[in-house]
Amino acid sequence: LLNSSSAVIAGAMLCFIQSPHAGIRYVFVPSLLLLIAVALTKIMQLGRKGLRIALPVLAIIFIMANWLNMFEPAAAQIMQPAHLLFSPVNCYPRQRDDIPTLEKMTVFLNEWAEKSGEGVYVVASSSIINDEILRHVHYPTVKNAAPEVMITACLDKRDGFPNHMFLARHVVVGSPPQYHLPPGEQRVIGIIAETLLGTDGAHDHYKQIEVFDLDDEVQAIVLEKREAWSRDTRDALSAEFRAAYPDRETLMVNDIMPFVTRYKLGDECGEVRGVGEKGLFVHPGNTEPSKVVFDFGGAFNRLRFVATFDNLPALDNRPPEHAEVNLRITLGKGGARSFYVTRTAPVQVDLDISDATVVSIEVDSGEHGSDADWFLMQDISLD
């Protein structure tokens, strides 16, 4: 009874949860096999002597034939006439003919990343091309063959929108779009790939510098960002995700990050990342500032935000000298503004950027080092 209940529950999970992963089979299949074994045992106990011998022999033959059909291509060809008796799932040994191409691509990306000093983002998550494949192409000899390749957001509801993509100087896009789950659950792959490779929109902000031909007629197209995104392109992308996920803040396009044209992280602990739709987190280095440069293209007149710190409740237990930074904002040729920001004294910043196409924001660690300098531009507004 317990095993029967387990099999029924596992079967329900397999049928009704959203996008069941193959791992659920490890819950369902053992229970089902045990249930079949119990049934066969009962039949053997009640049946005649000939049936007791023939039944387990036939069961073993069927299981072995099914196993060969799943794992051995030559056997599957022989048993093709009886394919309806066997599982349609094939688990043949993976063979790739494009490993040298992947190695060449990794070298190519590393060289360009070294020149730019900025990261690489991969818009793909299939078994043919994804960020893990590039990092582990030489594994285990080299544990990370592409250290500048960023982590790809590949599942909408788990990973959210990849605002860190806007920091990448180079983007690798799989063509056709490369999924490992249904496209409706991987819009962070499909929509972005179509936006980058389409005839309008973000395509205008990148130039194609190389194409690598991979297995299964997949192409890995390498794009280089030549300018920040425009306001219209940002708004169009934002509208697509807002329509698909109106109630999920994690899937909103950050208001300011599409306008990043370059950045530089401070030493050791420097970091830049988007926080929701209207926040930007900037952590300075130990001795060097972190800097982000935006190109608004003259599309806005004012930039407003609150200069504060992220996760203020966690800072209550920190020494008073923790969480204080010097914020310097350069408005093109219009001079610079400086602010001293502490966790107890947030600063309301309101800047006229009508004559400043390019705006740079620099955050250093202040007088007491970079401990807990979780600087946050909060409630960003571009008008």
Next item on the list: For the range 218-359, just list the percent of Cα-Cα distances falling in each 5 Å bin from zero outward, please.
Entry: 2, 8, 14, 19, 20, 16, 11, 6, 3, 1, 0, 0
Margin query: With only alpha-carbon atoms in the gyration tensor, what are the semi-axes of the equivalent ellipsoid for the chain, in Å, largest first?
Written below: 53, 25, 19
Note to self: What FRET efficiency comes out for Gln208 versus Ser354 if R0 is 56 angstrom and r is the Cβ-Cβ distance? Round to the nearest 0.05.
What the structure shows: 0.95
Next item on the list: Might you report the magnitude of the Cβ-based charge dipole of the range 229-369 about its Cα centre, with Lys and Arg at +1 and Asp and Glu at -1, to the nearest 20 debye?
Entry: 320
Notebook entry, point to check: Over the range 309-383, what number does the Rg to Rh ratio reach, with both radii from the alpha-carbon atoms and Rh per Kirkwood?
Noted result: 1.01
Next item on the list: Scan around Asn301 for amide H atoms under 5 Å from its own, H built in the peptide plane at 1.01 Å from N, and keep only partners 5 or more places away or cross-chain.
Entry: Asp383
Notebook entry, point to check: What are the residues whose amide H is under 5 Å from the amide H of Gly119, where those residues sit 5 or more places off or on another chain and H is modelled from the backbone?
Noted result: Arg169
Notebook entry, point to check: Using the membrane-span-like helix rule (whole DSSP H runs, Cα extent along the own axis of at least 27 Å, mean Kyte-Doolittle hydropathy at least 1.6), which helices of the chain qualify?
Noted result: 25-46
Note to self: Using a Förster radius of 56 Å, what is the FRET efficiency between Ala239 and Ile60 based on their Cβ-Cβ separation? Nearest 0.05, please.
What the structure shows: 0.40
Checklist line | Per-residue SASA entry for Asp216, accessible area with 1.4 Å probe, Å² rounded to 10 | finding: 110
Next item on the list: State which entries of Lys115/Lys157; Lys157/Lys291; Lys225/Lys278 exceed 32 angstrom in Cα-Cα distance in the structure shown.
Entry: Lys115/Lys157
Check: Given H placed 1.01 Å from N in the peptide plane, which residues other than close sequence neighbours of Met252 have an amide H under 5 Å from its amide H?
Finding: Phe161
Next item on the list: Report the convex hull volume per residue for the range 195-263, counting only C-alpha atoms, in Å³.
Entry: 132
Item checked: Semi-axis lengths, Å, the range 87-132, gyration tensor of Cα atoms, sqrt of 5 times eigenvalues -> 30, 13, 5
Notebook entry, point to check: For the range 77-195, what Kirkwood radius comes out of the mean inverse Cα-Cα distance, in Å?
Noted result: 16.0
Checklist line | Rounded to whole Hz, the Karplus (6.51, -1.76, 1.60) HN-Hα couplings of the range 214-225, x for glycine and proline | finding: 10, 4, 6, 6, 9, 10, 9, 9, 9, 10, 10, 6
Margin query: If the elastic network links every pair of Cα atoms under 10 Å, which of Arg96, Arg273, Arg242 fluctuates the most in the Gaussian network model of the chain?
Written below: Arg96
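The values are calculated or read from the model by the stated rules, or taken from the named source; none is laboratory data. Computed from a predicted model, the values in this text were never measured in an experiment. Neighbour counts are summed over all protein chains in view; Cβ atoms, including those assigned to glycine, are modelled from backbone coordinates with ideal geometry. Protein only, heavy atoms only, side chains kept; ligands, DNA and RNA dropped before computing areas. Shrake-Rupley method; radii C 1.70, N 1.55, O 1.52, S 1.80 Å.
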